[in-house]
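S.K.: Provided herewith is a single structure, encoded as structure tokens, for subsequent inquiry.
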Amino acid sequence: MKTFRDFKLNRQLFDALNDLGFEHPTPIQEKAIPAILGGQDVMGVSQTGTGKTAAYLLPIIRILNYAQGNEPRCLILVPTRELSIQIGNTLRDLTKYTDLRYAVIFGGQGTKDQIAALEKGIDILVASPGRFLDLYLAGHIISKKIKHLVLDEAERLMDKSFMSQFHRILEVIPSKRQNLLFSATMSDLVRKISGDFLDFPVEIDIAPDMKTAESVSQGYYLVPNLKTKLNLLEHLIEDPEVYKKVIVFCKTKAIASSIGKYLERRHGEENVRIIHGNKTQQTRINTMLAFRGDDIRLLITTDLAARGLDIPDVSHVFNFDTPIVYEDYVHRIGRTGRAFKTGHSITFVSPADEYHLVKIKKLIRQDIPELQIPDDVFVEKTEYEERQAMLREIDMQKRKDNPEFKGAFHEKKESNLPPDQRTPKKKVAFGKKFGKRR
Ligand code: ADP
Ligand code: MG
């Protein structure tokens, strides 16, 4: 196994790595660090939690070496505020034995402190695209010294919501520069777009098949309705020794809020936090800090709010429902089993989610074992409204796959029925799969 000493880094970095307790590079670090030190453009793809941040920060810090001038020489673009703060923290840790200066700028907060930070003179700038452009156009950022551009979560940065800002930024920074793209997944479209501005990039593909983290055990429950999902969740997370740090992913803000409130009532407000896009910036930051430290055990969130967040030591990820964007499944379960640790991912599948489960299994090219609802979980009757909504959704899914399909709304096929009305299958003890249960 390689160690960081095998790279042409320097003492300042070895000491910082030592303080962090990082000994062995992760696979993406092993490949990316020498390529970046060699001055090449890099496109690095590896699943969430595999250490992409240090994969580019270490060589960049080595190349920049010491404070010089006042204008940034490296620009790191990131899609979310939380992620920019996390990168800021890693920068703080890794530059601690150097005199390199950095600033972190993002929207949703006043500009005063950010401008003040820029004016002190910096070497590395971490920015969200929108805030970068705002402060650039207002004359607070001089871009002509930028020699290295990093796109962290590159796939997000190139999606529709950021595309035009991203193109404007490319126009205002020097064209002669090193480009570094990192992402957990890389669609063909993104590959094509990046082809336009990358120079013979070194492609590092640690997870070419969208394989999910091997250190994560996965399983799913077929659950007939929302109320039963809540009962099951309650039952499973009861033991704080096993379910030490839990994230519950929900499809929408509304679901996240209502589950969060329910769990707050049951477990006390001090043990539960909810984050989603509607929360203020400060609330989101405080939530993340509380969850990173061991102050809270249960975090309820949506895919959007959780993208790219580095949350260490999560024991269990629950998918309260299947994600709308299937790639998000990989992102979600990547929250657990991070860098050399193991974790568990448990998905709740309603009759209307089964269609999505099939697609997800196909995407990850892996089977996900089914688990049986423990006997002491109360299985609620599906209410009329909820059943109708699910049947409508199932009809829609069938129509999507087969435009000829006329709709079998009232069809009483076994596969159309919620699981509580089907012929029971054989039971597998939950404990076998995910450790002890009470
Ligand atoms: P990614 O960007 O790929 O999702 P991160 O850069 O956020 O991953 O890193 C995930 C976690 O792994 C962080 O907590 C980080 O401190 C830790 N980590 C990164 N590299 C190493 C390493 N070489 N050894 C041990 N832990 C590491
Ligand atoms: Mg990352």
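S.K.: With the structure loaded, tell me whether THR90 is within 30 Å of GLY21 (Cβ to Cβ) and either within 16 Å of ligand 2 (Cβ to nearest atom) or polar (S, T, N, Q) (or both) or whether it fails that test.
M.R.: Working: within 30 Å of GLY21 (Cβ to Cβ): yes; either within 16 Å of ligand 2 (Cβ to nearest atom) or polar (S, T, N, Q) (or both): yes.
Yes: the conditions hold for THR90.
S.K.: Another question, if that's okay. State the number of residues belonging to segment 384-408 that are under 22 Å from ASN231 (Cβ atoms), open to solvent by 100 Å² or more (accessible area, probe 1.4 Å) and under 34 Å from the mean Cα position of the chain (by Cα).
M.R.: Final tally of qualifying residues: 1.
S.K.: Condition first: among the basic types (Lys, Arg) and open to solvent by 50 Å² or more (accessible area, probe 1.4 Å). Now tell me which residues in segment 103-132 satisfy that. Walk me through how you get there before you give the answer.
M.R.: Narrowing segment 103-132 to residues among the basic types (Lys, Arg): 112, 120, 131.
LYS112, LYS120, listed by residue number.
S.K.: From the set of residues in segment 153-173 that are touching a Pro at 6+ places or on another chain (Cβ under 8 Å) and within 16 Å of ligand 1 (Cβ to nearest atom), which is least open to solvent (accessible area, probe 1.4 Å)?
M.R.: Going through segment 153-173, the residues touching a Pro at 6+ places or on another chain (Cβ under 8 Å) turn out to be 153, 156-157, 162, 165-166, 169.
Restricting the remaining residues to those that are within 16 Å of ligand 1 (Cβ to nearest atom) gives 153, 156-157.
Working: GLU153: 21, ARG156: 35, LEU157: 1 Å².
In this case the residue turns out to be LEU157.
S.K.: Are there any pairs with C-beta distances below 9 angstrom linking a residue in segment 170-196 that is within 16 Å of ligand 2 (Cβ to nearest atom) to a residue that is of a type in the set (Phe, Trp, Tyr), with the two at least 6 apart or on different chains, and if so which?
M.R.: That search, which allows pairs on different chains as well, returns LEU180/TYR56; PHE182/TYR56.
S.K.: Also: Are any residues in segment 72-103 farther than 19 Å from ARG131 by Cα and of a type in the set (A, V, I, L, M, F, W, C), and if so, which ones?
M.R.: LEU91, LEU94, LEU100
S.K.: Can you spot a residue in segment 62-75 that is within 15 Å of ligand 1 (Cβ to nearest atom) and surrounded by 15 or more Cβ atoms within 10 Å (Cβ to Cβ)? Full working, then the answer.
M.R.: Kept after step one, since they are within 15 Å of ligand 1 (Cβ to nearest atom), are these residues of segment 62-75: none.
No - not one qualifying residue is present in segment 62-75.
The values are calculated or read from the model by the stated rules, or taken from the named source; none is laboratory data. Source: prediction; values computed, not measured. Neighbour counts are summed over all protein chains in view; Cβ atoms, including those assigned to glycine, are modelled from backbone coordinates with ideal geometry. The protein model used for the area step is the full one, side chains on, heavy atoms only, and it has no ligands, DNA or RNA in it. Shrake-Rupley method; radii C 1.70, N 1.55, O 1.52, S 1.80 Å.
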